[in-house]
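Please read the structure below before turning to the comments.
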Amino acid sequence: MPTILITGANRGIGLEFARQYAADGWRVIAAARRPGEAEELKQLGVEVEQLDAAEGASIHALADRLKGRAIDVLIANAGVLPRGVDTAEWTKAFATNCIGPTLLAKAFKAHMAAGGKMIAITSKMGSIADNESGGAIAYRSSKAALNAAWRSLSIDWRGDDIALAMLHPGWVQTDMGGAGAAIDPTTSVSGMPATIAGLTRDRTGSFLNYDGQELPW
Ligand code: NDP
């Protein structure tokens, strides 16, 4: 039975990932900041682990607890959309959207099964080439930094049997995306397992839409 680790799995896109992979027979390790309040996640009957995805100490503690477990797919999904551009909000965006996922990838490299995949849930809003509308400075810059960091990991790890990708989930109806977003979480997430399964080492470091299409940097 393959194993998947998902961060920010208590609601939104992360919860839907947990639901779909569990339904497909995967062993799901679902990480949540406050497991005690993760009612929908607990109802799935998956393994729930505590993780503050923005904190290096919490990431390393989880890596220690899961030592010896082989992980086939890691999904760094937890993220925040700051509304303002003050130091506190911007720092939180970087800690959650870029630094945390990058520390997570480094901490879990040793746990990855041969042929394992590491996925960062990024955003098209992190694309500089695609930015025609401006705004969302803290969010955009944190996701652009995530893409840059994971691109470097993918190059640094070319000799390892791991493939990395940055996936844009679409504009999704979650607390973050809002009720007026283009697609529901089921539609978004149902496109991604095939994209993840089809990710090969020769495409490591790709920036992809949820349906597998390449996106501009
Ligand atoms: P939600 O706001 O619905 O959910 C965010 C998830 O991230 C929650 O589970 C939240 O946990 C978790 N999270 C945030 N900060 C932390 C932290 N420090 N430690 C642990 N967990 C944390 O967002 P979505 O589901 O929409 O977003 C998921 C990912 O998809 C994000 O990376 C987002 O940037 C990306 N994305 C979303 C889009 C959309 O349209 N929805 C578009 C493009 C990208 P808690 O409940 O504890 O806050």
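The values are calculated or read from the model by the stated rules, or taken from the named source; none is laboratory data. The model shown is predicted, which means the values in this text are computed figures rather than measured ones. Cβ sites come from the backbone with ideal geometry, for glycine too, and all protein chains shown count toward neighbours.
What to note about this one:
- Counting the residues of the stretch 154-193 that are closer than 22 Å to W26 by Cα and aliphatic (A, V, I, L, M) gives 8.
This table checks each residue for (1) among the hydrophobic types (A, V, I, L, M, F, W, C); (2) under 23 Å from P2 (Cα atoms); (3) over 16 Å from the mean Cα position of the chain (by Cα).
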position	(1), (2), (3)
Q43	no, yes, yes
D52	no, no, no
I59	yes, yes, no
R65	no, yes, yes
L74	yes, yes, no
N77	no, yes, no
V80	yes, no, no
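- The lone exception for T186 - which of (1) touching a Phe, Trp or Tyr at 6+ places or on another chain (Cβ under 8 Å); (2) touching a residue at least 24 places away in the same chain (Cβ under 8 Å); (3) within 15 Å of the ligand (Cβ to nearest atom) it fails: (1)
- Hey, I6 more than 10 Å from the ligand (Cβ to nearest atom), buried (at least 22 other Cβ atoms within 10 Å of the Cβ) and modelled with pLDDT of 95 or more or not: no
Yes/no matrix, rows are residues, columns are (1) more than 27 Å from P216 (Cβ to Cβ); (2) away from the ligand (no atom under 16 Å from the Cβ); (3) loosely packed, with under 14 Cβ neighbours inside 10 Å:
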position	(1), (2), (3)
D24	yes, yes, yes
I29	yes, no, no
G36	yes, no, yes
A70	yes, yes, yes
I75	no, no, no
T102	no, no, no
T122	no, no, no
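- Residue list for the stretch 17-44, restricted to those being over 15 Å from V73 (Cα atoms), among the charged types (D, E, K, R) and out of contact with any Leu (no Cβ under 9 Å at 6 or more places or on another chain): R34, E37, E39, K42
- Residue check, M192 of a type in the set (A, V, I, L, M, F, W, C), within 12 Å of the ligand (Cβ to nearest atom), out of contact with any helix residue (DSSP H, G or I) (no Cβ under 6 Å at 6 or more places or on another chain) and closer than 16 Å to G116 by Cα: yes
- Residues that are among the polar types (S, T, N, Q), in a helix (DSSP H, G or I) and under 18 Å from V73 (Cα atoms) are absent from the stretch 178-187.
- Among the conditions (1) under 27 Å from A194 (Cα atoms); (2) crowded, with 21+ Cβ neighbours inside 10 Å, A54 misses just one, which is (1).
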